[in-house]
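Below is one structure, written out as structure tokens; comments come after it.
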Amino acid sequence: MWARTLCVGLLAFTVGLIHHLQPGIPEAALEYLSSSLHSLSSSRDTTPSPSLEEALSTAWNQLITAPTRHWGKVAVGVNACVDVVVSGVSLLQALGLNPQNGGDHLVLASQEELAATFLHYMQRGAAAERFYSDADSFEHISHAATQNPEAKHFLGGNAALIAQRLASHPDMEVLLCGPIGPKLHELLDDRILVPPASLQEQDEYHLILEYKAGEQWGSGRAPSASRFIFSHDLSNGAMTSLEVLLSSLEEFQPKLLVLSGLHMMEGLSKEKRASRLREAANGLSDVPSDILIHLELASMTDGDLMRGIIYQQVFPVISSLGLNEQELLFLAQSANGPHSTFAAWSGVPDVGIVSDILFWILHDSGTEGSGLTRVHFHTLAYHIIATIDGFWGNQVAAVAAGARVAGAQACASQTIDPSRVILKSPLEFVTSRTETGSTARITAKEPVAVWRKGGVTFHFTPVLICKDPTRTVGLGDAISAEGLLFSESQTQ
């Protein structure tokens, strides 16, 4: 008993000392420490208080409720491939490449440019994707990757990964259109419908160079686990399956169309890219109005392509958007949005900056006649879903479900194991950097923060990050798919 009393006294003294020496510490953290102290002092048994990670996970489970109306049928397209996943450092060493100074190349033309760009993003712990322009060189690298004894083959491509996640839920019919080769077809869930016109004799391969938190290559050290993706993919690059997808809608009659793969067009010439984007936009504009369209972005480097997507082509016909911190900042930079002079994120993206850009996308981006009413933003430490009022429901459940699947899938488990995850999200933050914003807080009992601005509602929740992730590829796609599954359109 005396030992317990001593521990309580020491903890109380510690809380008071922390508050005195660090008055700026988030109140949510002090609240959690104080609640733990109260539980310790009042409890008569020796059952330890749950960790903050465990408390958040439990609170999510209580908040995640199914929408009253389900999508039923979802059509997905158009990028699909086979991912060859291998250690990035191991592959580059096998190719005889040495770490030099890192540098970002928008299109990779040689092994040396691959090494420099990989090092550039590895040092930042940031995900990126690039087109490799030399077919012969890519074939050589691809052969070396597949010969690596630790190489693994997975389902790949945003569309295929989203379709796979959607099909894992019962009572969901999923149609996938993309370049589906034999190996990819074998990897797909049997319940996914693939039109015969999408089948082809050979697979498209993407190389996924993964690295772990703390891994070093030369002087470069990764602050967090992530991956670098590159390919010489002509079928996905030209979005050859888009017409198959659009022509399948009349017979399949989905309520939701999920589109991805626009970033792959960066491998086309400027003229072909502009022409193909116009064709894609014209086809999408003919989609019946009762079918909502969600666009999933991916890593891009061409500002003209991004501006075309925002203004003239795609944003006017979509209802929902999914993207991460790299894509969000590039979108703002390309269109001269808020914080467009901000060069790059350092550590956990500032919530106020992120919410400013999200508000601008939905409210002030200047897109004429845009139907965009929802944006799902995901980064390693937290997620935000922003929606225009009156169009979407069940977004508390949607953002919590997306965060839950991120923590579970990264650890390759069905549920979150609190001992294997860590919290890096801020627990208290300002909601805007361009004007006087409110302060939002997260607690163990209220893991989703909600605030409103100018007809837009924001839903924020932290992510429980896997300490030793099994695989980082496809997390963003799983997050967006899960968020859509729990979202309810109020306009259909």
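The values are calculated or read from the model by the stated rules, or taken from the named source; none is laboratory data. Here the structure is a predicted model, which is why all the values come from computation and not from measurement. Positions of Cβ are generated from backbone atoms using ideal geometry, with glycine treated the same way; all protein chains shown enter the neighbour counts. Note: areas computed on protein heavy atoms with side chains; ligands, DNA, RNA excluded. Shrake-Rupley method; radii C 1.70, N 1.55, O 1.52, S 1.80 Å.
Looking at this structure, is LEU184 in contact with a Phe, Trp or Tyr (Cβ under 6 Å, 6 or more places away or on another chain) and either surrounded by fewer than 22 Cβ atoms within 10 Å (Cβ to Cβ) or touching a residue at least 40 places away in the same chain (Cβ under 8 Å) (or both)?
In short, no.
So, of the residues in region 100-118 that are under 16 Å from ALA344 (Cα atoms) and crowded, with 19+ Cβ neighbours inside 10 Å, which turns out to be nearest to the chain's Cα centre (by Cα)?
Among residues in region 100-118 that are under 16 Å from ALA344 (Cα atoms) and crowded, with 19+ Cβ neighbours inside 10 Å, the one nearest to the chain's Cα centre (by Cα) is THR117.
So ILE309 fits all but one of (1) in contact with a helix residue (DSSP H, G or I) (Cβ under 9 Å, 6 or more places away or on another chain); (2) open to solvent by 20 Å² or more (accessible area, probe 1.4 Å); (3) in a helix (DSSP H, G or I); what number is the exception?
(2)
Please indicate, with yes or no, whether at least one residue in region 137-154 is touching a Pro at 6+ places or on another chain (Cβ under 6 Å), closer than 20 Å to ALA298 by Cβ and at pLDDT below 95.
Of the residues in region 137-154, the ones touching a Pro at 6+ places or on another chain (Cβ under 6 Å) are none.
Checking region 137-154: not a single residue is touching a Pro at 6+ places or on another chain (Cβ under 6 Å), closer than 20 Å to ALA298 by Cβ and at pLDDT below 95.
Counting only residues that are farther than 30 Å from LEU199 by Cα and open to solvent by 70 Å² or more (accessible area, probe 1.4 Å), how many does region 66-99 have?
Total satisfying the criteria: 5.
Kindly evaluate ASP468 against the criterion of being open to solvent by 60 Å² or more (accessible area, probe 1.4 Å) and among the charged types (D, E, K, R).
Yes: the conditions hold for ASP468.
Give the residues of region 420-441 that are over 23 Å from the mean Cα position of the chain (by Cα) and among the polar types (S, T, N, Q), sorted by residue number.
THR434, THR436, SER438, THR439
For VAL244, only one of the following conditions fails: (1) surrounded by 20 or more Cβ atoms within 10 Å (Cβ to Cβ); (2) part of a helix (DSSP H, G or I); (3) among the β-branched types (Val, Ile, Thr). What is its number?
The one condition VAL244 does not meet is (1).
Confirm whether TRP71 is modelled with pLDDT of 90 or more and outside any helix (DSSP H, G or I). Walk me through it before giving the result.
On the way: modelled with pLDDT of 90 or more: yes; outside any helix (DSSP H, G or I): yes.
So TRP71 passes the test.
Would you confirm, using the coordinates I've provided, whether GLN409 is open to solvent by 40 Å² or more (accessible area, probe 1.4 Å), in a helix (DSSP H, G or I), modelled with pLDDT under 95 and touching a Leu at 6+ places or on another chain (Cβ under 7 Å)? Please lay out each step first, then the result.
Working: open to solvent by 40 Å² or more (accessible area, probe 1.4 Å): yes; in a helix (DSSP H, G or I): yes; modelled with pLDDT under 95: yes; touching a Leu at 6+ places or on another chain (Cβ under 7 Å): yes.
Criteria met by GLN409.
Please work out which one of (1) open to solvent by less than 60 Å² (accessible area, probe 1.4 Å); (2) at pLDDT 90 or above; (3) at negative phi is the condition GLY125 fails and give its number.
(3)
Just the residues that are of a type in the set (A, V, I, L, M) and touching a residue at least 24 places away in the same chain (Cβ under 8 Å), please, taken from region 100-128. I'd like the intermediate steps shown before the answer.
Filtering region 100-128 for residues of a type in the set (A, V, I, L, M) gives 106-109, 114-116, 119, 122, 126-128.
Scanning region 100-128 gives LEU106, VAL107, LEU108, ALA109, LEU114, LEU119, MET122, ALA126, ALA127, ALA128.
Just checking, which of ASP190, ASP171 is touching a residue at least 12 places away in the same chain (Cβ under 8 Å), under 25 Å from LEU485 (Cβ atoms) and loosely packed, with under 15 Cβ neighbours inside 10 Å?
Values: ASP190 fails: touching a residue at least 12 places away in the same chain (Cβ under 8 Å).
When all the criteria are applied, what remains is ASP171.
Out of ALA398, ALA403, ALA444, ALA481, I need the residue that is more than 30 Å from LYS152 (Cα to Cα) and either modelled with pLDDT of 95 or more or among the hydroxyl-bearing types (Ser, Thr, Tyr) (or both). Which one?
Working: ALA403 fails: more than 30 Å from LYS152 (Cα to Cα); ALA444 fails: either modelled with pLDDT of 95 or more or among the hydroxyl-bearing types (Ser, Thr, Tyr) (or both); ALA481 fails: more than 30 Å from LYS152 (Cα to Cα).
Being more than 30 Å from LYS152 (Cα to Cα) and either modelled with pLDDT of 95 or more or among the hydroxyl-bearing types (Ser, Thr, Tyr) (or both) holds for just one of ALA398, ALA403, ALA444, ALA481, which is ALA398.
Within region 85-101, is there a residue that is at pLDDT below 90, touching a strand residue (DSSP E or B) at 6+ places or on another chain (Cβ under 9 Å) and in a loop (DSSP other than H, G, I, E, B)? Steps first, answer last, please.
Here is the first cut: in region 85-101, the residues at pLDDT below 90 are 98-101.
Now drop any that are not touching a strand residue (DSSP E or B) at 6+ places or on another chain (Cβ under 9 Å), which leaves 99.
Add one more test, that the residue is in a loop (DSSP other than H, G, I, E, B), and what stays is 99.
Within region 85-101, one or more residues are at pLDDT below 90, touching a strand residue (DSSP E or B) at 6+ places or on another chain (Cβ under 9 Å) and in a loop (DSSP other than H, G, I, E, B).
If SER419 satisfies all but one of (1) under 18 Å from THR461 (Cα atoms); (2) open to solvent by 20 Å² or more (accessible area, probe 1.4 Å); (3) free of Cβ contacts under 8 Å to residues at least 12 places away in the same chain, what's the number of the condition it fails?
Here SER419 clears every test but (1).
Could you tell me which numbered condition ASP356 fails, if it satisfies all but one of (1) among the charged types (D, E, K, R); (2) crowded, with 17+ Cβ neighbours inside 10 Å; (3) at pLDDT below 95?
Failing condition for ASP356: (3).
Within region 277-296, which residues are open to solvent by less than 30 Å² (accessible area, probe 1.4 Å) and either within 27 Å of LEU108 (Cβ to Cβ) or touching a Phe, Trp or Tyr at 6+ places or on another chain (Cβ under 6 Å) (or both)? Talk me through it step by step, then tell me what you get.
First, pick out the residues of region 277-296 that are open to solvent by less than 30 Å² (accessible area, probe 1.4 Å): 277, 280-281, 283-284, 287, 291-296.
Listed by number, the residues that qualify are LEU277, ALA280, LEU295, GLU296.
Go through region 247-265 residue by residue and tally those that are more than 16 Å from CYS81 (Cβ to Cβ) and outside any strand (DSSP E or B).
Number satisfying all stated conditions: 9.
Scan region 312-333 for residues that are open to solvent by less than 10 Å² (accessible area, probe 1.4 Å) and either small (Gly, Ala, Ser) or assigned to a loop (DSSP other than H, G, I, E, B) (or both) and jot them down.
Passing the criteria: VAL314, ILE318, SER320, GLY322, ALA332.
Just one of (1) out of contact with any Ser or Thr (no Cβ under 6 Å at 6 or more places or on another chain); (2) open to solvent by less than 20 Å² (accessible area, probe 1.4 Å); (3) of a type in the set (Asp, Glu) trips up ASP350, so point out which.
ASP350 satisfies all of (1) out of contact with any Ser or Thr (no Cβ under 6 Å at 6 or more places or on another chain); (2) open to solvent by less than 20 Å² (accessible area, probe 1.4 Å); (3) of a type in the set (Asp, Glu) except (2).
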